[in-house]
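Single-structure report; data block below.
Just so it is clear, none of the values below were taken in a lab; they were calculated from the coordinates. Computed from a prediction, not measured in an experiment: that's the story for all the values here. Heads up, the Cβs are rebuilt from the backbone with ideal geometry, glycines too, and the neighbour counts pull from every protein chain shown.
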There are 2 protein chains.
Amino acid sequence: MTDRTTLKRLPERGSHDRETIHEILDAGLVCHVGIADDDGPVVIPTLYARDGEIIVLHGSPASRMLRTARTREVCVTVTLTDGLVLARSAFHHSMNYRSVRIFGTPEEVTDDAEKTRLLDVLVEHLVPGRNPALRPMTRNERKGTTVLRMGIETATAKIRTGGPVDDEEDYALPIWAGVVPMSITYGAPETDPKSKVDLPVPDHAHALSRR
Amino acid sequence: MTDRTTLKRLPERGSHDRETIHEILDAGLVCHVGIADDDGPVVIPTLYARDGEIIVLHGSPASRMLRTARTREVCVTVTLTDGLVLARSAFHHSMNYRSVRIFGTPEEVTDDAEKTRLLDVLVEHLVPGRNPALRPMTRNERKGTTVLRMGIETATAKIRTGGPVDDEEDYALPIWAGVVPMSITYGAPETDPKSKVDLPVPDHAHALSRR
């Protein structure tokens, strides 16, 4: 997770490889947006989705993050944690992860049809198959949502995979070493207790718990 | 995840509550550090640990992140994702999450004993119970690691919990709504195939898969 481990084990894995970058962005849900205003840097977690060679961000028009992001360069980072790397020395402990970093100045999407399409992309990324079940978006909701797009052409990926890389002489020590894999898992869908209609859990909600 | 949902549902939950902030920091492993240098903001994922009212960061002395962080204000954000909130409209879709944001200028730890202690804290946070199993840290390893500490007295938490908050008239629509919980889970430990000694998986590694 530091310069020490980054890409050392996989120098052959292109950090600008499009497919790798797309895979990581499609597997994450939350990005961390870094904005530097006059008071210094701020890092804000927010949902995102990828649409081809752009990522989409959204929020309230009142959001300081979105208002600032439209006028300044930001850094958007997505990180997936894949495992704890338990080495024989504290020094070589590490984490397996996949991370993408994107620099750019987001652009506001003002066209109504494009805004609606990109908000659909966001919901589809969050819960695949959910959109057709929803009531249509109202004009006020669309007006009440700022949508930003930012190109990912210059994105870079950093990845660490594999087991610990210990000092040669340490492999003979009687110290167990290896990897403990980690992943995000989804639990059983919990129906809103405020529902006024008794409805079965739809497939698209169950599907999350299976992926 | 946006200004729209943040703390709206739980205005009574103090965003400066120490216990809440400690709990969130103790439950996370990776923070996103935002640094603004002359080229703009950069957001870097890195491991951290909490020690009382400070957080500890570490890395290679060659790390640009660590060198820059010692001289400028940074923003450290930790985000835990707890669930997808499926509302009846796209507009009210959200995420349950817990996030802590800390502003400050990290300070380098130069005292050898304190450096060793804080590196132990980092390993203990990553894998509780691991430290006693490891060979002692060498002088060169300590020299080859930069350790930074930063106070968390001014940290703030943002939390969203609970089900969707839909428009009143939407509760009667025949659209399933609810929460799909999400969490990080650990798989079975995978022994390093390069091990020269045949050793059982220790309890502290198994324990991760049970938590």
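Summary of the geometry: the range B:152-175 and the range A:133-211, compared by the centres of their Cα atoms, lie 19 Å apart. Mean projected area of the Cα convex hull of chain B, taken over all directions, amounts to 15.7 nm².
Counting Lys and Arg as +1 and Asp and Glu as -1 over every other residue whose Cβ lies under 12 Å from the Cβ of B:Asp192, the net charge comes to -1.
Around A:Arg135, under 14 Å between beta carbons, what's the net of Lys plus Arg minus Asp minus Glu among the other residues? Each step should come with its number before you reach the end.
Numbers: positive: A:Arg130, A:Arg139, A:Arg142, B:Arg88; negative: A:Asp120, A:Glu141, B:Asp166, B:Asp167, B:Glu168, B:Glu169, B:Asp170.
So the environment of A:Arg135 carries a net charge of -3.
With its label point defined 7 Å out from Cα along the Cα-to-Cβ axis, B:Ala62 lies at 4.9 nm from the matching points of the other copies, in increasing order.
Distances, shortest first, from the label point of A:Lys196 to those at the same position in the other copies read 7.3 nm; the point lies 7 Å along Cα to C-beta. Rank A:Val56, B:Leu84, A:His206 by how far each Cα sits towards the positive end of the charge dipole of the protein assembly as shown (+1 on Lys, Arg Cβ; -1 on Asp, Glu Cβ) and give me just the farthest. About the Cα centre, the residue reaching furthest to the positive side is A:His206.
Listed by chain and number, the aspartates and glutamates placed with their C-alpha closer than 17 angstrom to that of B:Lys115 are B:Asp51, B:Glu53, B:Glu107, B:Glu124, B:Glu141; residues fewer than eight positions away on the same chain are left out.
In terms of overall dimensions, the C-alpha atoms belonging to the range A:108-195 reach 67, 42, 19 Å along their principal axes, ordered largest to smallest.
Considering only A:Pro164, A:Asn140, A:Leu25, and ranking their Cα positions along the charge dipole of the range A:18-168 that arises from unit charges at the beta-carbon of Lys, Arg, Asp and Glu, the one farthest toward the positive end is A:Asn140. Please check which bits of the range A:156-199 a label hung off B:Glu190 would reach, taking the label as a point 7 Å along Cα-to-C-beta and the cut-off as backbone N under 19 Å. The answer is A:158-166, A:176-185.
With Cβ to Cβ distances under 14 Å as the rule, what net charge do the other residues near B:Tyr171 carry (K, R +1; D, E -1)? Intermediate results must be reported in sequence, preceding the final value.
On the way: positive: A:Arg135, A:Lys194, A:Lys196, B:Arg88; negative: A:Asp192, A:Asp198, B:Asp166, B:Asp167, B:Glu168, B:Glu169, B:Asp170.
Summing Lys and Arg as +1 and Asp and Glu as -1 gives -3.
The tail of the calculated P(r) for the protein assembly as shown, taken as Cα-Cα distances beyond 42 Å, holds 14 percent of the pairs.
The charge dipole of the range A:15-155, taken about the Cα centre with unit charges on the Cβ atoms of Lys, Arg (+1) and Asp, Glu (-1), comes to about 420 debye, rounded to the nearest 20.
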